[in-house]
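A.B. asks: Before we start, here is the structure in question, set down as structure tokens.
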Amino acid sequence: MALIYVNQETLEFHLTNGQVSYIFRVMEKVQTLEQLYYGKAIRHREDFSYLIEREVRPSNNQFDGDHTSSLEHVKQELPVYGTTDFRYPALEITYPDGDTISRFRYQSYVVQNGKQKIAGQPTTFSKEADAQTLVIYLKDEYSDVELQLSYTIFKEYPVITRHATLTNSGQEEVTVNRLMSLSIDLPTKDYELLHLTGAWARETQVQREALHYGVQSISSTRGASSHVHNPFFALCEPTANEVAGEVFGFSLVYSGNFLGQIEVDTYEVTRLMLGINPFQFAWQLKAGDSFSTPEAVMVYSDTGLNGMSQTFHSFYQNQLVRPQWAHKERPILLNNWEATYFDFDEAKLDALIETAKELEIELFVLDDGWFGARNSDNSSLGNWTVDPKKLPNGLSALSNKIHKAGLKFGLWFEPEMVSAETALYEEHPEWLLGHPKKNRSHGRNQFVLDFGQPEAVEEIFRQMKAILDETPIDYLKWDMNRYISEAFSTHLAKEQQGEVFHRYILGVYTLYEKLLAAYPELLIESCAGGGGRFDPALLYYAPQTWASDDTDAVERLKIQYGASMIYPLSSIGSHVSEVPNHQVGRITSLKMRNDVATFGTFGYELDVTKLSVEQKAEIKQQVRVFKESRGLIHSGDFYRLVSPFHSNEAAWMVVSKDKRQAIVGYYQVLAEPNPIYKRLKLQGLADDFQYQVSQQPAETEQDQNQVQNQKQARYGDDLMNVGLIFGENYIDRAQEYWAKEKQGDFHSQLIYLKAIDEV
Ligand code: GLA
């Protein structure tokens, strides 16, 4: 298997797998890496020198002793400061003299099978035979600092991953001011930037705008990847849509402060970079030390945004998520948060558990409020011992009861935080982030533990372990409910304060590693006030994320549509909740709530003890249907069909890998009078399969009747080109408009397709 070609004479490197090509070379005079092409696969050749674009322009600064070596217009791989280039660099180092002038020259390369883990950080993985890694070694001319650029290309996916490592082999310390995970210069500015923006309760809103001259960026400065921007962006051809056109997607496997920056220069070259945010970042690279960036994942698609998303979905599901969870059925849960908030006791929980059992739900999650004396959000974080007032028989008794009822048991923690007036807070003020003599803000009445201090991580692990060892727990919800606005660690020297944010996130990863090493079967769902840390790095540990505290079905259309740009449905936490909805006060039907939550991990978050007999029957049916459908939903190919950002409707569908089954979700937000005819073109079906189209998933006797089915069946090409028809056919059924049933606002339909065999 050759996925990496090297033209030895010209030192041209070509990564290609038949789907994508990525080509760069070593510039012969200055020994810098020059980017030549990134896009759809082209065939390899012995010489790519025709791709070199070199102009001598009057205003250029030139390398000393040379007249054609300005880097100002050269498309590069990882530009550094101090090399005649005026654009933002991807690497900047401060040297002992205080200068920041670097010059990294190519030294050598190696090609390895498979790919290696980045120590201490979540990384995508691959079998030896399924990927190849190219490592390029460069060395600084002015110091003994070495730079390693790693590129992995995968056999099966149009994906290249990148990261960079700096090693200080000299005697003197240097400071790394910025080191991006990837940087590429593309030869045109004819793209649109697509990214996800938001806030608490309205995460992952899709934004799309044209590139313009100058700098555009997305970032986080909050200590977490954040609700505000996701560490992801895509550059799309202006004509690219969900189903067609070229799209380049970039995603960072990182949970902390990040920067995604796009700079268009005056020659219309687009420099894009993604990595740790240089804001508040400065890493002391001591003699003998190395520093590795997080991994960046680049996806190429020539089948529009759906093509990009499907690659991210299957790549993250198969090469990032813990393998045991990649395709394992996720339990349908009942979470007590919106049912009780902090106000519960054993009797209340018993009633919820009994009803969950009756509804055939599989996992009961006890959310916030079970520990210390936590009756509101102003106390007890950091005291992870059970509240004897609420649970006099302890957690184990509760866990046993739940397991006896045939359900699994899940428990909420917020490991990174501490409340005032706890023993932890009083005894270890040095474990708090922030300056002891300056304003140390609280957020949701709580303080952030300095997870850069291994002792603090160890203490939280000790407390969690005490609970997990005593109580059988199957699922853990790891929450994080505030950001960091005063990054200072009493534990670090003054020169190291620029390391606080990154060390914090490394500490978060450490606790995840410790937990999973001790409890490898644990299913973890990550959460940060909803989707405040929905990123690939946490997916590595926690295969599902609570996508938003907004559980309203209409709002969720946008949130889940946006999240699906990168994250697989098996990772998008989605619940059917109470009405009127607790975030927006909207009343939607149980059906609409189910039909939206179905395209995610699925569960319930409402007081099920208050349901009517009819509602219970409806939920029981939903649970049964989801159990039958979840294999398809979590492992099929997802297609977005109609965007809720641009219309009163939304639609999406999942198709099984063998194309024999599909589920379509169609949603209309507001009712319209005297409606227009609507057709919904489907995607991803097999042209010549005949599909039975039904509002029911289950195989009934009648479904077995092939003759009957033949009449109702429609071919894949018909469904993809004509589409599903939503207007009704009244031939021979003369009926007045007024007599027709009106659907009202917030209408939804699930449509099930099943290939039937010819008779
Ligand atoms: C956050 C989470 C919620 C819930 C509460 C508990 O807001 O996103 O799902 O767990 O905390 O305090």
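A.B. asks: Could you list, in sequence order, the residues of region 528-538 that are within 16 Å of the ligand (Cβ to nearest atom) and crowded, with 24+ Cβ neighbours inside 10 Å?
C.D. replies: 528, 530, 531, 532, 533, 534, 535, 538
Rundown of residues vs (1) in contact with a Leu (Cβ under 6 Å, 6 or more places away or on another chain); (2) not basic (Lys, Arg), yes/no style:
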{"residue": "23", "(1), (2)": "yes, yes"}
{"residue": "27", "(1), (2)": "no, yes"}
{"residue": "32", "(1), (2)": "no, yes"}
{"residue": "39", "(1), (2)": "no, yes"}
{"residue": "57", "(1), (2)": "no, no"}
{"residue": "83", "(1), (2)": "yes, yes"}
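A.B. asks: Inside region 555-576, can you point out the residues that are in contact with a Leu (Cβ under 9 Å, 6 or more places away or on another chain) and among the hydrophobic types (A, V, I, L, M, F, W, C)?
C.D. replies: 563, 565, 566, 576
A.B. asks: Can residue 529 be described as under 26 Å from residue 618 (Cα atoms) and of a type in the set (Gly, Ala, Ser)?
C.D. replies: No, not satisfied.
A.B. asks: Could you tell me whether region 380-390 includes any residue that is under 21 Å from residue 420 (Cα atoms), within 15 Å of the ligand (Cβ to nearest atom), buried (at least 23 other Cβ atoms within 10 Å of the Cβ) and not hydrophobic (A, V, I, L, M, F, W, C)?
C.D. replies: yes
A.B. asks: I would also like to ask the following. With the requirement that a residue be closer than 30 Å to residue 397 by Cα and in contact with a helix residue (DSSP H, G or I) (Cβ under 8 Å, 6 or more places away or on another chain), what does region 481-512 give you?
C.D. replies: 511, 512
A.B. asks: Given the conditions (1) surrounded by fewer than 18 Cβ atoms within 10 Å (Cβ to Cβ); (2) in a loop (DSSP other than H, G, I, E, B); (3) among the charged types (D, E, K, R), which single one is not true for residue 659?
C.D. replies: (1)
A.B. asks: Can you find a residue that is closer than 25 Å to residue 227 by Cα and either part of a strand (DSSP E or B) or under 28 Å from the mean Cα position of the chain (by Cα) (or both) anywhere in region 418-430?
C.D. replies: Yes, region 418-430 contains a residue that is closer than 25 Å to residue 227 by Cα and either part of a strand (DSSP E or B) or under 28 Å from the mean Cα position of the chain (by Cα) (or both).
A.B. asks: Which of the residues that make up region 95-137 are touching an Asp or Glu at 6+ places or on another chain (Cβ under 7 Å) and either assigned by TED's automatic domain parsing to the domain that holds residue 507 or not charged (D, E, K, R) (or both)?
C.D. replies: Matches in region 95-137: 96, 100, 102, 104, 113, 114, 118, 123, 124, 137.
A.B. asks: Further question: Pairs please, first residue from region 606-617 and assigned by TED's automatic domain parsing to the domain that holds residue 348, second anywhere and at pLDDT below 95 and of a type in the set (Val, Ile, Thr), Cβ atoms under 8 Å, 6+ apart in sequence or on different chains.
C.D. replies: none
A.B. asks: Which condition number in (1) within 27 Å of residue 330 (Cα to Cα); (2) under 29 Å from the mean Cα position of the chain (by Cα); (3) within 16 Å of the ligand (Cβ to nearest atom) is the one that residue 371 fails?
C.D. replies: (2)
A.B. asks: Further question on the same structure: What's the number of the condition residue 361 fails, among (1) assigned by TED's automatic domain parsing to the domain that holds residue 611; (2) of a type in the set (A, V, I, L, M); (3) surrounded by fewer than 21 Cβ atoms within 10 Å (Cβ to Cβ)?
C.D. replies: With (1) assigned by TED's automatic domain parsing to the domain that holds residue 611; (2) of a type in the set (A, V, I, L, M); (3) surrounded by fewer than 21 Cβ atoms within 10 Å (Cβ to Cβ) applied to residue 361, the lone miss is (3).
A.B. asks: Additional query: Applying the selection to region 553-581, what residues are within 16 Å of the ligand (Cβ to nearest atom), under 18 Å from residue 206 (Cβ atoms) and in a loop (DSSP other than H, G, I, E, B)? Walk me through how you get there before you give the answer.
C.D. replies: Taking region 553-581 as the starting set, the residues that turn out to be within 16 Å of the ligand (Cβ to nearest atom) are 555-556, 559-560, 563, 571-578, 581.
Adding the requirement that they be under 18 Å from residue 206 (Cβ atoms) leaves 555-556, 559-560, 563, 571-572, 574.
Once the filter is applied, which keeps residues that are within 16 Å of the ligand (Cβ to nearest atom), under 18 Å from residue 206 (Cβ atoms) and in a loop (DSSP other than H, G, I, E, B), region 553-581 yields only 574.
A.B. asks: Is it fair to say residue 541 is crowded, with 17+ Cβ neighbours inside 10 Å, closer than 26 Å to residue 233 by Cα, touching a residue at least 60 places away in the same chain (Cβ under 8 Å) and more than 16 Å from the ligand (Cβ to nearest atom)?
C.D. replies: Working: crowded, with 17+ Cβ neighbours inside 10 Å: yes; closer than 26 Å to residue 233 by Cα: yes; touching a residue at least 60 places away in the same chain (Cβ under 8 Å): yes; more than 16 Å from the ligand (Cβ to nearest atom): yes.
The answer is yes for residue 541.
A.B. asks: A further question on this structure: Which residue is nearest to residue 224 (Cα to Cα), if the candidates are limited to region 440-472 and must be within 16 Å of the ligand (Cβ to nearest atom) and crowded, with 18+ Cβ neighbours inside 10 Å? Spell out how you get there, then give the answer.
C.D. replies: Going residue by residue through region 440-472, those that are within 16 Å of the ligand (Cβ to nearest atom) are 442-448.
Narrowing further to those that are crowded, with 18+ Cβ neighbours inside 10 Å: 446-448.
Numbers: 446: 16, 447: 15, 448: 12 Å.
Ranking the qualifying residues of region 440-472, first place goes to 448.
A.B. asks: Check residue 534 against each of (1) assigned to a helix (DSSP H, G or I); (2) touching a His at 6+ places or on another chain (Cβ under 9 Å) and name the one condition it does not meet.
C.D. replies: Failed condition: (1).
A.B. asks: In addition: Considering only region 630-648, I want to know if a residue exists there that is hydroxyl-bearing (Ser, Thr, Tyr) and surrounded by fewer than 19 Cβ atoms within 10 Å (Cβ to Cβ).
C.D. replies: Of the residues in region 630-648, the ones hydroxyl-bearing (Ser, Thr, Tyr) are 635, 639, 643, 647.
Within this subset, residues satisfying the condition of being surrounded by fewer than 19 Cβ atoms within 10 Å (Cβ to Cβ) are 647.
Within region 630-648, one or more residues are hydroxyl-bearing (Ser, Thr, Tyr) and surrounded by fewer than 19 Cβ atoms within 10 Å (Cβ to Cβ).
A.B. asks: If you take the residues in region 481-511 that are in contact with a Pro (Cβ under 8 Å, 6 or more places away or on another chain) and closer than 19 Å to residue 440 by Cβ, which one is nearest to the ligand (Cβ to nearest atom)?
C.D. replies: This residue is 507.
A.B. asks: In addition: Across region 188-204, which residue is farthest from residue 559 (Cα to Cα) among those that are in a loop (DSSP other than H, G, I, E, B) and more than 18 Å from the chain's Cα centre (by Cα)?
C.D. replies: It comes out as 188.
A.B. asks: Tell me, yes or no, whether region 406-416 has at least one residue that is in the same structural domain as residue 349 (by TED's automatic domain parsing), in a helix (DSSP H, G or I), out of contact with any Cys (no Cβ under 6 Å at 6 or more places or on another chain) and away from the ligand (no atom under 16 Å from the Cβ).
C.D. replies: Of the residues in region 406-416, the ones in the same structural domain as residue 349 (by TED's automatic domain parsing) are 406-416.
Now drop any that are not in a helix (DSSP H, G or I), which leaves none.
No; the residues of region 406-416 include none that is in the same structural domain as residue 349 (by TED's automatic domain parsing), in a helix (DSSP H, G or I), out of contact with any Cys (no Cβ under 6 Å at 6 or more places or on another chain) and away from the ligand (no atom under 16 Å from the Cβ).
A.B. asks: A follow-up question, please. Between 46, 53, 12, which is crowded, with 18+ Cβ neighbours inside 10 Å and either in contact with a Lys or Arg (Cβ under 9 Å, 6 or more places away or on another chain) or at pLDDT 95 or above (or both)? Can you show your working first?
C.D. replies: Values: 46 fails: crowded, with 18+ Cβ neighbours inside 10 Å; 53 fails: crowded, with 18+ Cβ neighbours inside 10 Å.
After applying the criteria, what remains is 12.
A.B. asks: Need the failing condition index for residue 435 against (1) buried (at least 17 other Cβ atoms within 10 Å of the Cβ); (2) more than 31 Å from the chain's Cα centre (by Cα), just the number.
C.D. replies: All conditions are met except number (1).
A.B. asks: Here are the criteria: (1) surrounded by 15 or more Cβ atoms within 10 Å (Cβ to Cβ); (2) within 16 Å of the ligand (Cβ to nearest atom). Tell me which single one residue 398 does not satisfy.
C.D. replies: Result: residue 398 fails condition (2) only.
A.B. asks: Return the pairs, sorted by first residue and then second, in which the second residue is at pLDDT 70 or above, the first residue lies in region 721-736 and is under 14 Å from residue 641 (Cβ atoms), the beta carbons are less than 6 Å apart, and the residues are 6+ apart or on different chains.
C.D. replies: Correct list of pairs: 723/679; 723/680; 723/681; 724/680; 726/678.
A.B. asks: Could you check how many residues of region 17-38 are surrounded by fewer than 19 Cβ atoms within 10 Å (Cβ to Cβ), closer than 18 Å to residue 50 by Cβ and within 33 Å of the chain's Cα centre (by Cα)?
C.D. replies: So the answer is 1.
A.B. asks: Ok, one more. Taking region 87-102, which residues are under 30 Å from the mean Cα position of the chain (by Cα) and within 14 Å of residue 175 (Cβ to Cβ)?
C.D. replies: If the condition is that a residue be under 30 Å from the mean Cα position of the chain (by Cα) and within 14 Å of residue 175 (Cβ to Cβ), then 91, 92 are the ones that fit.
A.B. asks: Identify the single condition in (1) without any contact (Cβ under 8 Å) to a residue 40 or more places away in the chain; (2) more than 16 Å from the ligand (Cβ to nearest atom); (3) over 30 Å from residue 125 (Cα atoms); (4) not basic (Lys, Arg) that residue 360 does not satisfy, given that it satisfies every other one.
C.D. replies: (1)
A.B. asks: So, one more: Quick test for you: out of 340, 270, pick the one residue that is in contact with an Asp or Glu (Cβ under 9 Å, 6 or more places away or on another chain), of a type in the set (Val, Ile, Thr) and within 16 Å of the ligand (Cβ to nearest atom).
C.D. replies: Criteria check complete, one pass: 340.
The values are calculated or read from the model by the stated rules, or taken from the named source; none is laboratory data. All values reported here derive from a predicted model rather than from experimental measurement. Neighbour counts are summed over all protein chains in view; Cβ atoms, including those assigned to glycine, are modelled from backbone coordinates with ideal geometry.
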